[in-house]
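Report on the following structure.
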Amino acid sequence: MRIPRRVRLDFAAEVHRAPGTGAALCVAGLAAAIGVGLAFDAQLTERNRLDAELGAISRPHRAASPAALKQAEEAATIERELAVPWSQLLGELEAASHDLSSKVALLQVAPDAAKRSVEITAEVRSLPDALAYLERLQQSKVLRYPMLESHERKKDDPEHPVRVKLAAEWRT
Amino acid sequence: MSPLWRDEIAIYLAPRKIALARRERGMKPRVGAATEIAVPGGSIGDVRPAFARLAEVLAEPTWQDAAARVVIADPWARYGIVNWPATRLDGDARLTHARYVLADTFGDGVADWSVTLADTPPGRAAVACAMPGQLRSTLEDTLVAARLKLVSLQPQLIVAFNAWRHRLPPDDAWFVSLDEGSLSAVHLTDGAWDRVHMARLSADWMLELERLQAFGRLTRAAGAVGRMFVDAPVWMRSASTVRGSELEWLTDDGAPGDQAHELALLQRVYA
């Protein structure tokens, strides 16, 4: 059951007209709050300092060993090899050869993952066929900067084909 | 001894009777001494006999060197309900407003009386009380002589109501405080006072009892419960049981049966 409110009436203890006491209590409360805040801040700073010290102790900085460096290098090499777009590259070379009515015979495709370049060795019946193949590769969206590096007629072959070496970079 | 643990003397001051109880403080406060004394020649219109008798009693070391909580009998108090003012008033202006309300009810006789207001939340009506101006100054002079520091001065109705309020319903109920020669009645609505009446009683208690019952019936709204709770001395309650009554008497089952009403009231100062 709800209880009737207390009647606070007193001729001597007029608590509602004691601004001095109220102000003193307010000041004391604020001082206490500031004191607690400063103490908290000091404790927080100390805790952060100790955390930093603890972190330095538990995670010492160690120089990497030669074996670890070698492992890391091998891992990076494997990662680069895996990054070679083999399917696109071979598909594009095959398509170029097909466009020239198979006048080009691919002998070797040697990619260099570190340099993102590929070296192509092929045989054609004549040098103009090699240049046509080069022009076709220059239109490719997979390769850029295709260049003819060398060409050599194979005199020991009865049909005297021309062996050419091309170099290009692949796009990412 | 620390002032926080200073003993307290509770004093009930009435025109024809005074009562005192010394409360020893500490981890387990208890009443160390209590007494009730008649005031020969005392009357409502003259406070001097009561204070003269009080000064005699306070000459005893038992009643000295303590904090004093004083309860003034209702014949020396006037009550009123002061509505929350429509305009914002400071403390002094609110007291002036309360003095105007009391003068409107009781006449110019209370013009030079001391007035105080209950501490009330903003927007709610407040209880105002007045008592003779000379009473407080005379009281303080009397207490100082006995090295008593006045820490509380309350009228009887306030002390009785605060002590019994946990037994009262919050709505449509009367709380009546009776003593020899006076009646004070408070009506409760929404847990707060909304009406207060005072009356002098004649020596014929049986007649006054019938008037009280009639008062309860007349003020009861049609269909309302309108219960009436009465705080009164034991002898008045005994008389009422003979006549039968619609009144609900407030009794403390834990109090000693032979304890004087005034001393029981002083116990309730700490309620």
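The values are calculated or read from the model by the stated rules, or taken from the named source; none is laboratory data. Not measured: the values here are computed from a predicted model. Neighbour counts run over all protein chains shown; Cβ positions are idealised from the backbone, glycine included.
Can you tell me which residue within segment B:100-124, out of those that are of a type in the set (Phe, Trp, Tyr) and under 19 Å from the mean Cα position of the chain (by Cα), is nearest to B:Ile81 (Cα to Cα)?
B:Phe106
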Q.
If I go through segment B:117-139 residue by residue, how many of them are within 17 Å of B:Ile158 (Cβ to Cβ) and touching a strand residue (DSSP E or B) at 6+ places or on another chain (Cβ under 6 Å)?
A. 11
Q.
What's the number of the only condition in (1) assigned to a helix (DSSP H, G or I); (2) modelled with pLDDT under 90; (3) crowded, with 20+ Cβ neighbours inside 10 Å that B:Arg23 fails to meet?
A. (1)
Q: Mind counting the residues in segment B:115-143 that are surrounded by fewer than 18 Cβ atoms within 10 Å (Cβ to Cβ) and assigned to a strand (DSSP E or B)?
A: 0
Q) Is it true that B:Glu208 is within 21 Å of the chain's Cα centre (by Cα), more than 24 Å from B:Ala130 (Cα to Cα) and not aliphatic (A, V, I, L, M)? A) yes
(Q) Let me confirm something: among B:Val70, B:Val31, B:Val47, which residue is more than 19 Å from B:Ala260 (Cβ to Cβ) and in contact (Cβ under 8 Å) with a residue 40 or more places away in the chain? (A) B:Val47
Q: Check whether at least one residue in segment B:67-85 is more than 22 Å from the chain's Cα centre (by Cα) and either buried (at least 18 other Cβ atoms within 10 Å of the Cβ) or within 14 Å of chain A (Cβ to nearest Cβ) (or both), and report yes or no.
A: no
Q.
Which of the helices (runs of 4 or more DSSP H) found entirely inside segment A:42-144 contain at least 3 residues meeting this: touching a strand residue (DSSP E or B) at 6+ places or on another chain (Cβ under 7 Å)?
A. A:86-99, A:127-138
Q.
Among (1) aliphatic (A, V, I, L, M); (2) crowded, with 17+ Cβ neighbours inside 10 Å; (3) away from every other protein chain (no Cβ under 14 Å), there is one condition B:Ala59 misses while meeting the rest; what is its number?
A. (2)
Q) What is the residue count in segment A:97-147 for residues that are of a type in the set (Val, Ile, Thr) and more than 30 Å from A:Thr77 (Cα to Cα)? A) 2
(Q) Being more than 9 Å from chain A (Cβ to nearest Cβ), outside any strand (DSSP E or B) and farther than 25 Å from B:Arg94 by Cα is the filter here; which residues of segment B:144-165 pass it? (A) B:Val144, B:Ala145, B:Ala146, B:Arg147, B:Ala160, B:Ala163, B:Trp164
Q | Out of B:Asp92, B:Asp112, B:Asp104, sole residue that is free of Cβ contacts under 8 Å to residues at least 40 places away in the same chain, of a type in the set (D, E, K, R), over 18 Å from B:Arg69 (Cα atoms) and within 13 Å of chain A (Cβ to nearest Cβ) | A | B:Asp92
Q | Residue satisfying condition, being farther than 29 Å from B:Ala185 by Cα and at pLDDT 90 or above, within set B:Ala14, B:Ala66 | A | B:Ala66
Q | Count - residues of segment B:86-114 that are assigned to a loop (DSSP other than H, G, I, E, B) and either of a type in the set (Gly, Ala, Ser) or crowded, with 18+ Cβ neighbours inside 10 Å (or both) | A | 4
Q) In this structure, is A:Arg6 modelled with pLDDT of 85 or more, within 30 Å of B:Val71 (Cα to Cα) and of a type outside the set (A, V, I, L, M)? A) yes
